[in-house]
Amino acid sequence: MTTTGDRIYPFTGIVGMADLKLALLLNAVSPAIGGVLVRGEKGTASRPWSAGWPRCCRRCRWYPAARTPATPPPLIPRARPDRTPPLLRGKGRDPGVVCVDEALRFAVPVLGALDEFGADLGFTIEPGSDLAGVGTAILSGKRVTFTADQLWPLPALPPNVVRTDRPEPGIPAVLVTDKKDLETERAVVFRPPSLIVGAGASRGVPAAEIGQLIDSTLAELGLSPRSVRHLATAEVKADEDGLQAAAAERGWRVVTHPAEQLAAVPVPNPSEVVRRAIGTPSVAEAAALIDPGATLLAAKRASALRPGTKVLASGLGAEQQRAAAAVAQARAGHAVALIGSGDAGVYAMGSPALELAGDDIDVTVVPGVTAALAVAAVLGAPLGHDHVMISLSDLHTAWPVIERRIIAAAEADLVTCFYNPASARRGWQLRRAIELLAARRPPATPVGWVRDATRPGQAASVATLADFDPGLVDMHTLVVVGSSRSRVRGGRMVTPRDYRWAPLEEI
């Protein structure tokens, strides 16, 4: 940092820099950067920069410095460490530092220029984010996509950083999202403080029970705990050790509200029992909704775990290992519940678990609502006649096999539901599937897609086979392609239940 009079300006250091445009680009990336430190070479960059600087950016200042070696290919920063220690005081306070070769061919972030992005709004960076790669792409003028779940008062972006609804395959990306399961590469993921966990608790409830309930709820909603701003509760629960400990374990602070403030918040599930006990009909829901404009993502739920219940939480993937772990626990004498979304028997955990479980294990399969049925309800009634479900993921099934099944469904004129239609690593399969169906169905055949069916952020649309854009689809989407008899009525996709009115040769 440097000072001018009684004002303090954070700044970015640019080593071996000889281009004003790049400095201004860096200044646009982070509004927290108040000035720019330039370590130029005497007699070359120093004079024109010092002369032109005040006219370009009133917050920027010129700080001449001793000669510093440039960065030769390969991209190995060689900035003299003994020149910079006064500026480096710790990760939370360091400025961004970028090494640039004198020919202006390469820019290498040494201390990330993206680190301060959104810091004033409480953004944190997801571990594993590709700060160096994305930062280099931004500084090099390459196309970088920017995607945000919500509207945030962010600074102006450089012209090569383009706002999109979702990341583009193979393109460096900056994401501002509280969603947990992201299938992205070459991305920097910022976690905004967009979530508040409302919680109430009985006296003496264990921290583990509270934590398990919170963790399972966030996992069910697909939300990252790194986006939790704080845990909110009633003032009378401020001394509840279980709540305090559960929040502390997750790095969250606890915010309390008076009962009379909570009582004024409209909630979907008020309780007269709670009102009589502490003066408000709701603690968890009211505490989560107390901020203006807040939206309830999950209704209150009570822990139904008996004392001593063990929870083994996991994310998506590794289905075989998860099923094996559940079967192993059952063989050890435990009563085990293997829980997932949708229906356990449709592209889910039921199949691998039953394959591993022998006659020595009693198994009860509880039916659920699979994605095809949830999506069909959103679109209308596209499954009114014979239909087929096909997964386009070639991780476990060879693509030639999948393609033969698509052709068979097309020739049989079946409504086709495509699970796992696309991801960041798989973008071409859905396009090929649509080509195969389009060769055997009318161009006006309706195609519907739904993202996050029945969940927060649900989105849906219906197009024709000729106009459908596979680029709209991601890993959270299911696509339904109608048969030749499917129609759109009142904006809803409908497949007639009975084909008796159709000529036999058309069926």
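The values are calculated or read from the model by the stated rules, or taken from the named source; none is laboratory data. Note that the structure is a prediction, hence the values are computed from the model and not measured. Don't worry about glycine lacking a Cβ; one is built from the backbone with ideal geometry, like all the others, and counts go over all protein chains shown. Just the protein is used for accessible areas: all its heavy atoms, side chains included, with ligands, DNA and RNA removed. Shrake-Rupley method; radii C 1.70, N 1.55, O 1.52, S 1.80 Å.
For the reader, a short list of remarks on this structure follows.
- Accessible-area composition of region 112-234, carbon plus sulfur, in percent [1.4 Å probe]: 52 percent
- A simple rule links phi to the HN-Hα coupling: the Karplus curve 6.51 cos²θ - 1.76 cosθ + 1.60 with θ = phi - 60°, which for region 472-486 gives 6, 9, 9, 5, 9, 10, 10, 10, 10, 9, x, 7, 5, 9, 5 Hz, with x for Gly and Pro.
- The accessible surface of region 428-481, taken with every protein chain in place and a 1.4 Å probe, is 53 percent carbon and sulfur.
- Region 384-507: C-alpha pair distances exceeding 27 Å, %: 15 percent
- Within region 363-507, percent of DSSP bridges classed antiparallel, to nearest 5: 70 percent
- With all protein chains in place and ligands, DNA and RNA left out, the 1.4 Å accessible area ranks Y347, Y419 as Y347, Y419, largest first.
- For peptides 450-457, 152-159, sequence by mean Cβ density within 10 Å, most packed first: 450-457, 152-159
- The calculated FRET efficiency for the pair A264 and T295, based on their C-beta separation and a Förster distance of 22 Å, comes to about 0.80.
- When the charge dipole of region 131-268 is built from unit charges on Cβ atoms (+1 for Lys and Arg, -1 for Asp and Glu) and taken about the Cα centre, the candidate among A259, V197, A132 whose Cα reaches farthest toward its positive end is A132.
- Inter-centroid distance (Cα atoms) of region 380-440 relative to region 318-367, Å: 28 Å
- With protein chains left intact and a 1.4 Å probe, residues in region 344-491 average 49 Å² of accessible area per residue.
- With θ taken as phi - 60° and the Karplus curve 6.51 cos²θ - 1.76 cosθ + 1.60 applied, the whole-hertz 3J(HN,Hα) list for region 284-295 is 4, 5, 5, 5, 6, 9, 5, 6, x, x, 5, 10 Hz, x standing for glycine and proline.
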